[in-house]
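The values are calculated or read from the model by the stated rules, or taken from the named source; none is laboratory data. This structure is a prediction, so every number in the text was calculated from the model and none was measured. Cβ: placed from backbone, ideal geometry, glycine included. Neighbour counts: every protein chain shown. Calculation scope for accessible area: heavy atoms of the full protein, side chains included, ligands and nucleic acids excluded. Shrake-Rupley method; radii C 1.70, N 1.55, O 1.52, S 1.80 Å.
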Amino acid sequence: MSLEIINGLPAHVLFVHAVIVLVPLTALVLVVAALLPRAARRIGVALPVLALVTLGFVPLSTHAGEWLERHVDSDPLVRRHAELGDGMLPWAAGLVVLAAAVWWTTRRYAAGTAAAPAAGDAAARPRTAPVALRAVVAVLCLAVGAGAVVDVYRIGDSGAKAAWHDGFSQKAAEGGEDGEG
């Protein structure tokens, strides 16, 4: 197995599916964790790990895409897709930074409950970050999460157009299953 071809297929075609799934998933989990401290405590270190895995697939996908770009006919749609694809890395890095921040702040403030007195006591409830800090982090998570998802959509749409713009007919081929052949 190489980073360019996997089982006879261009690796980009396979790696990109991981990015398409992981970026929106990471953004969703990040926003939920930022808005709901209880969810953040339950998710724990899985959030920054998920974000790191997501980040890891971005350069794999772009590297394999650059290889594929050199092995297909030159086309403005392919070039546009490659240009858009180069912009995904900062969004994925932003998800990692914010995931680490949400995890760290959740862990930091929840640590104050370790030496809590009796159950049911107000001091026994997990502490959360100050409302202002949580609000700023939540807004940043929403902005970066939305930006990352929109960017994945734009990149994927441009890639689909590049791959399929002249590769199919709207009329079914002879013997097609939709009865128009």
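Just a few scattered comments:
- Cut-off 13 Å between beta-carbons: net charge of the residues surrounding I20, Lys and Arg +1, Asp and Glu -1: -1
- Quick note on the range 23-79: its Rg to Rh ratio, both from C-alpha atoms and Rh being the Kirkwood radius, is 1.25.
- Of the accessible area of the range 1-119, computed with a 1.4 Å probe over protein heavy atoms only, carbon and sulfur atoms account for 68 percent.
- Counted residue by residue at 0.36 nm each, then reduced by the alpha carbon distance between them, the extension gain from H63 to H165 reaches 34.4 nm.
- If you take all other residues with their beta carbon under 14 Å from the beta carbon of R108, and give Lys and Arg +1 and Asp and Glu -1, the sum is +4.
- Where only C-alpha atoms are counted, convex hull volume of the range 1-109 per residue in Å³: 93
- Built amide H within the under 5 Å cut-off of I6, gap 5+: A11
- Cβ-based net charge around V32, under 15 Å, with every Lys or Arg adding one and every Asp or Glu removing one: +4
- Among the trypsin sites (Lys or Arg not before Pro) within the range 1-93, those in coil by DSSP and having at most 10 neighbouring Cβ atoms inside 10 Å are R70.
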